[in-house]
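Below is one structure, written out as structure tokens; comments come after it.
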Amino acid sequence: MNIFNRTIRASGGLAVSVTAALLLLCAGSVQAGARIDGISGTSFSFTTGTGEISTPDGGSVHFWGYQDTTGNANPFNVPQYPGPTLILNQGDTVTIRLTSGLPVFPDNDGCTSIVFPGHAVTTSGGDRDGLLTRETCPGGLAVDYTFTAAQPGTYTYYSGTQPELQIEMGLVGAIIVRPGMGENYAYNDATTQFDHEYLFLMTQMDPVVHQLVEQGRFSEVDLTHYWPVYWFFNGRAGPDDLADAFVSWLPHQPYNCTPRMTPGQKLLMRLIGGDQGQHPFHYHGNNADIIARDGRMLNHSRSQFTTLSVPGETVDQIFQWTGEKLGWDIYGTPADGMPAHDCIDADGDGFGDVSAGSTFDHEYCADHGKALPVVLPEQQNLAFGGWWSGSPFMGSGGALPPGEGGLNPNAGYFFMWHSHAEKELTNFDIFPGGMMSMMVVEPPGTPIP
């Protein structure tokens, strides 16, 4: 479903208004899976090609992308941005065969390649030795890249041919290697267990570069004047990243970015710096514990509320939200007009356990029974956001004026997750957009597929 109504007008340039229902986020409408979308196996066939990505301001940008031709990735059978996410198992020996479908111009031969940081790669075939690895050219020989996924973790892959240009054009992707310990662990360590995982592949684009490349004017590309105006999570600029994955109106951008969880669950954040910029990724609601960098566990985790993503680096973090020490009962009290409920801490960790008779699993018992400490204004004094359920209490909606709200049917809590660089929260200077998503803490028991 296309959830955006775009109005476009020209007045000394392009002005775009994104109107109506910006984000239709509810159970059954946004399928933000507990597992990251991608392709699995040990043998893959990729080609490179061109396409147009869509931006929420009504524009489009020419790009180069990797396309999986083995038939198990993007159902639209087109190059995609970013490239297909490879989900591998530790110990697998993997081969990726690459051919090039890039356009050939007098000053650009269309040759390309892939490099796989963190893996010992052997190559065969191809047309020539490049600066970093074997390369394949349009109409030439395919090149095979083979490596063993020896270490679990989060990795990236990208073009090793003119990387300063080809990565900008879109030739970048993600690799996840699952540990032998099981798919609910980030590494072979019990402390890395998680309930849900989400990918945050951060990239940016300067459309001037892309226009020049589309027209074959490579000699005019001057990266010393590089000026990005679009920023992406997983190939989509906000708020498009909150729409379903694999929607027909974004065929080249199949992946979304809508983190969801319930109180007490652990969410694994897989961060990748996929371009030449640095992006301060800021997450509201709680700190996150950094457990690994570049596919290697740290000796000690580090708790912080903003992570600087740098080019080519991957970071794994565990995020948890419990409502601890908010100072009021998030499920309400009879004094708030809410039903009474129990909080029984059976194991001494400070949180309620449904198995012991608590009404809600992982409620913070020290705040149980504490009334909301403020008096809410009357409706006529409020400006309503789409995510306001009508009530401050988790799992309980309230009365809303006609036409207001509707984007939070489960009455969860929404937290913006975004770049902390203000310009990166825009789409060509139009706010909101860019590297922006929403993390949703859903009421206990909400199914998160």
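The values are calculated or read from the model by the stated rules, or taken from the named source; none is laboratory data. Small disclaimer: the values here were computed from a predicted structure and weren't measured. Here Cβ is always computed from backbone atoms with ideal geometry, including for glycine, and neighbour counts include all displayed protein chains.
Could you tell me which residue of region 40-58 is surrounded by the most Cβ atoms within 10 Å (Cβ to Cβ), considering only residues that are β-branched (Val, Ile, Thr) and in a strand (DSSP E or B)? Steps first, answer last, please.
To start, the set of residues in region 40-58 that are β-branched (Val, Ile, Thr) comprises 42, 47-48, 50, 53, 55.
In the following step, the residues that additionally are in a strand (DSSP E or B) were identified as 47-48, 50, 53.
Numbers: Thr47: 20, Thr48: 28, Thr50: 18, Ile53: 26.
Checking each candidate, the answer is Thr48.
Scan region 351-365 for residues that are more than 18 Å from Thr446 (Cα to Cα) and either part of a helix (DSSP H, G or I) or in contact with a His (Cβ under 9 Å, 6 or more places away or on another chain) (or both) and jot them down. Give the steps one after another, and end with the answer.
Here is the first cut: in region 351-365, the ones more than 18 Å from Thr446 (Cα to Cα) are 351, 356-357, 364-365.
Phe351, Ala356, Cys365, listed by residue number.
Could you identify the single residue in Leu326, Leu425 that is in contact with a Phe, Trp or Tyr (Cβ under 8 Å, 6 or more places away or on another chain), hydrophobic (A, V, I, L, M, F, W, C) and surrounded by 15 or more Cβ atoms within 10 Å (Cβ to Cβ)? Can you show your working first?
Values: Leu326 fails: surrounded by 15 or more Cβ atoms within 10 Å (Cβ to Cβ).
None of the others qualify; the one that does is Leu425.
His284 - would you say it is at pLDDT below 95 and surrounded by fewer than 16 Cβ atoms within 10 Å (Cβ to Cβ)? Talk me through it step by step, then tell me what you get.
Values: at pLDDT below 95: no; surrounded by fewer than 16 Cβ atoms within 10 Å (Cβ to Cβ): yes.
No.
Looking at region 216-233, which of its residues are in a loop (DSSP other than H, G, I, E, B) and under 20 Å from Lys423 (Cβ atoms)? If you could, list the steps in order and put the result at the bottom.
Looking only at region 216-233, we keep the residues that are in a loop (DSSP other than H, G, I, E, B), and these are 216-217, 221-222, 226-229.
Of everything in region 216-233, those that are in a loop (DSSP other than H, G, I, E, B) and under 20 Å from Lys423 (Cβ atoms) turn out to be Tyr226, Trp227, Pro228, Val229.
Anything in region 371-390 that is surrounded by 15 or more Cβ atoms within 10 Å (Cβ to Cβ) and either touching a Lys or Arg at 6+ places or on another chain (Cβ under 9 Å) or touching a residue at least 24 places away in the same chain (Cβ under 8 Å) (or both)? List them, or say none. Talk me through it step by step, then tell me what you get.
To start, the set of residues in region 371-390 that are surrounded by 15 or more Cβ atoms within 10 Å (Cβ to Cβ) comprises 372, 386-390.
Matches in region 371-390: Leu372, Gly386, Trp387.
Scan (1) on the phi < 0 side of the Ramachandran plot; (2) surrounded by fewer than 17 Cβ atoms within 10 Å (Cβ to Cβ); (3) modelled with pLDDT of 95 or more for the single condition Gly160 breaks and write down its number.
Only one criterion in (1) on the phi < 0 side of the Ramachandran plot; (2) surrounded by fewer than 17 Cβ atoms within 10 Å (Cβ to Cβ); (3) modelled with pLDDT of 95 or more is unmet by Gly160, namely (2).
Could you list, in sequence order, the residues of region 372-415 that are of a type in the set (A, V, I, L, M) and either more than 18 Å from Glu442 (Cβ to Cβ) or not in a loop (DSSP other than H, G, I, E, B) (or both)?
Initially, region 372-415 is screened for residues of a type in the set (A, V, I, L, M), giving 372, 374-376, 382-383, 394, 399-400, 407, 411.
Answer for region 372-415, where residues must be of a type in the set (A, V, I, L, M) and either more than 18 Å from Glu442 (Cβ to Cβ) or not in a loop (DSSP other than H, G, I, E, B) (or both): Leu372, Val374, Val375, Leu376, Leu382, Ala383, Ala399, Leu400.
Here are some conditions: (1) within 24 Å of the chain's Cα centre (by Cα); (2) at pLDDT 95 or above; (3) surrounded by fewer than 18 Cβ atoms within 10 Å (Cβ to Cβ). Glu183 meets all but one. Which one does it not meet?
Checking Glu183 against (1) within 24 Å of the chain's Cα centre (by Cα); (2) at pLDDT 95 or above; (3) surrounded by fewer than 18 Cβ atoms within 10 Å (Cβ to Cβ), the one that fails is (2).
Run Thr306 past the list (1) surrounded by fewer than 17 Cβ atoms within 10 Å (Cβ to Cβ); (2) among the β-branched types (Val, Ile, Thr); (3) without any contact (Cβ under 8 Å) to a residue 60 or more places away in the chain and report the number of the one that doesn't hold.
It is condition (3) that Thr306 fails.
Pairs only if they're at least six apart or on different chains, beta carbon under 6 angstrom, first in region 425-436 and at positive phi, second assigned to a helix (DSSP H, G or I) and modelled with pLDDT of 95 or more; list them, first residue then second.
Gly434/Glu424; Gly434/Leu425
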